[in-house]
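Below: one structure, written as C-alpha cells.
Every number here is computed from the coordinates shown, using simple stated rules; none is lab data. Values in this document were obtained by computation on a predicted structure and should not be read as measured data. Here Cβ is always computed from backbone atoms with ideal geometry, including for glycine, and neighbour counts include all displayed protein chains.
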Amino acid sequence: MAEFNIALIPGDGIGPEIIAGAVTVLDAIEKKFGHKFNYTEVDMGGVAIDKHGTSLPQETIDKCLESDSVLLGAVGGPKWDNVPASIRPETGLLGIRKALGLYSNLRPAILKPQLKDASPLKDRIIGNGLNVMVVRELTGGIYFGEKRRAEDNTWASDLEKYSAEEVERIARVAFESAMLRNKKLTSVDKANVLESSRFWRETVEKVSKDYPQVELTHMYVDNAAMQLALRPSQFDVIVTSNLFGDILSDLSSAISGSIGMLPSASLGATKRGMYEPIHGSAPDIAGMDMANPIATIESAAMMLEMSFGLVDEAKAIANAVDKVLDKGYRTGDIMSEGMKKVGTKEMAKLISEEI
Ligand code: NAD
C-alpha cells in the first residue's frame, strides 16, 4: 500500500472530462492494488484567467510543488485567443514547466495493432506497428533564448543557445530511456549549419561514453522528418532540442494515428513529473462526452510508472486499454466500421472495469 498526492489541472475545453476519465481509472487501481491517491485540483489556462486574471496563479505553482506529481488535461481555447501574451494559456504552460524544472518531455508514439487503420501511412510502411520514443528538451533553446525586435520594426531575432549542462542532462534522460528499450538512440540536430547543433552533437557524444551498450547515431532534422514518414521502424529513441522536438514529436504522433491516444511525460531532476495527453483542449467537442480519454489515462499510467515506481499498476492500465479495444469499443476519433461507439465516460468506465 502506498499513498501519493496528485495535483490535477483539468484546464479548459475537454480537459475536465478527460481528467475525470483518468480519475475513474485511478480509482480502480487504488481498489485493486490497495493504494491511496489524494487529489488537489488547481486552476490553469483560460479558466484561471477568468477566475484569477492570470493563466498561472502562484497558488497553482505552490500546490504542484507540494504534490508528488501533476496530471494535466489541456489548456486554451478561442475565448482566450486575444488576451495579452503575458497571461495567455500557453504562457501558463511554459511557466509551469519552468517552475517545476521539467526539462525533458517524453512522448511515446505507439501505434496499437488494433488501430492500424488510423495511421495515414501505408500498410507496407507501418505494417509492424510503431513504437518510437521522442525525448524533447523542454526548457532551453530558441523558445527561451533572447528575443529582440528592432525599434523601427525592420528586423526581429530569437536566440538558440544551449549550455553543456542542458544538453548533457537531456542526453542522459534519452540514454536511460534507450537502455530500457531497444538500446538505439538517434540524436537529431542541424550540425551542418548551426553552431549550437555542432555543440549539441559533441556533448551527446561525450555522454555516450557512459552508455556503451547504446548504439548512438546522429541525423539532420530535415532527414529525420523524412525518415519518420518513410521508415519509422528504424527509430527507437530520438533525442532533440526544444524546437526540433516540438515538430518531430507532432509528426511522430500524427503517423501513429489519433492524437486522442497519445500520452506524454515531462520530467526534471526530481521524481515529480507532469503528465498530459499530447492533444489540446478540443473546443469543438468540449462538454459533449465525445473526447477520447485514453491519452490522459495512458498519461496517468506513465505517472504511476515513472514518478511512483508502480510498474505493475501501469501495466494493468495498458492491458485494460488493450482489452477494451480488442472488444471493439471506440470513441468517435478512432471509430471504424463494425466497432462499438462509446463516449468519454463509458470508455473510462469500461477500462476501469477491465482493471
Ligand atoms: P486540439 O488537439 O485541441 O484539437 C485538434 C483536433 O483533434 C480537433 O478536431 C479535436 O476535436 C480533436 N481532438 C483532440 N483531442 C481529442 C480527443 N481526446 N478525443 C477526440 N478528438 C480529439 O488542437 P487545436 O484545435 O489546435 O487547439 C485547441 C486549443 O488547445 C487551442 O487553444 C490550443 O492552444 C490548445 N492546445 C493546448 C495544448 C495543451 O494544453 N498542452 C496543446 C495543444 C493545443
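For segment 120-255, what's the relative contact order in percent, using C-alpha pairs closer than 8 Å and at least 6 residues apart? Taking the mean separation of contacting Cα pairs over the length of segment 120-255, I get 38 percent. Only beta bridges with both residues in segment 120-255 are counted; by DSSP, about 20 percent of them are antiparallel. Our helix-only sum for the chain, with -39,500 (n - 2.57) per DSSP H run of n ≥ 4 divided by its residues, gives a mean residue ellipticity at 222 nm of -12500 deg cm²/dmol. With a ≥ b ≥ c the root eigenvalues of the C-alpha gyration tensor of segment 150-281, is it rounded (a/c under 1.5), prolate (a/b larger than b/c) or oblate? Rounded is the answer for segment 150-281, as its axis ratio a/c remains below 1.5.
Build a GNM of the chain with springs between Cα atoms under 10 Å apart, and of ALA314, ALA156, ALA48 the one that fluctuates most is ALA156. Among the listed pairs LYS112/LYS323; LYS31/LYS315; LYS98/LYS161; LYS112/LYS345, those with a Cα-Cα distance over 18 Å are LYS112/LYS345. Ordering THR344, THR240, THR186 from the fewest to the most neighbouring beta carbons within 10 Å gives THR186, THR344, THR240. Spin-label pair LYS209-GLU66: with each label point 7 Å from Cα along the Cα-Cβ axis, the two points sit 4.6 nm from one another. Compared with the direct C-alpha span, the chain from GLU90 to GLN58 gains 9.9 nm at full extension, assuming 0.36 nm per residue. Determine the percent antiparallel among the DSSP beta bridges restricted to the chain, to the nearest 5. Antiparallel: roughly 40 percent of the beta bridges in the chain.
Extension gain for the segment THR40 to ARG124, taken as residue separation times 0.36 nm less the Cα-Cα distance, is 25.6 nm to one decimal.
Projecting the Cα atoms of ASN153, LEU230, ALA171 onto the charge dipole of segment 120-255 (Cβ charges, centred on the Cα centre) puts LEU230 farthest toward the positive pole.
For VAL134, the residues whose modelled amide H falls within less than 5 Å of its own, excluding neighbours fewer than 5 places apart on the same chain, are ARG107, ALA109, ILE238. For a modelled paramagnetic label at MET335, 7 Å from Cα along Cα-to-Cβ, the residues of segment 289-322 in reach, with backbone nitrogen under 14 Å, are 289-292.
Residue exposure proxy: MET1, MET261, MET133, MET219, ordered by other Cβ atoms within 10 angstrom of their Cβ from fewest to most, comes out as MET1, MET219, MET133, MET261.
In terms of surrounding Cβ atoms within a 10 Å radius of their Cβ, TRP80, TRP155 rank from fewest to most as TRP155, TRP80. Once the Cα-Cα distance is subtracted from the 0.36 nm per residue extended length, the LYS98 to GLU146 segment shows a gain of 15.7 nm.
Under 5 Å between amide hydrogens, built in the peptide plane, is the criterion, and for TYR329 it picks out LYS340 among residues at least 5 positions away or on other chains.
Would you kindly state the longest site-free stretch of the chain, with sites defined as GluC sites (Glu not before Pro) in a DSSP loop (not H, G, I, E, B) surrounded by at most 14 other Cβ atoms within 10 Å? That gives 152-336 as the longest site-free run.
Residue by residue, segment 316-333 carries 3J(HN,Hα) couplings of 4, 5, 4, 5, 5, 4, 4, 5, 5, 5, 4, 6, x, 7, 9, 7, x, 5 Hz when phi is fed to the Karplus relation 6.51 cos²θ - 1.76 cosθ + 1.60 (θ = phi - 60°); x denotes Gly or Pro.
When you restrict to C-alpha pairs under 8 Å that are six or more residues apart and normalise by the size of the chain, the relative contact order lands at 22 percent. Quick one: check the C-alpha center-to-center distance for segment 202-241 versus segment 38-74, whole angstrom. When both Cα centres are located, 35 Å separates them. Based on the Cβ-Cβ distance of LYS184 and THR154, what FRET efficiency does E = 1/(1 + (r/R0)^6) give at R0 = 41 Å, to the nearest 0.05? After rounding, the FRET efficiency stands at 0.35.
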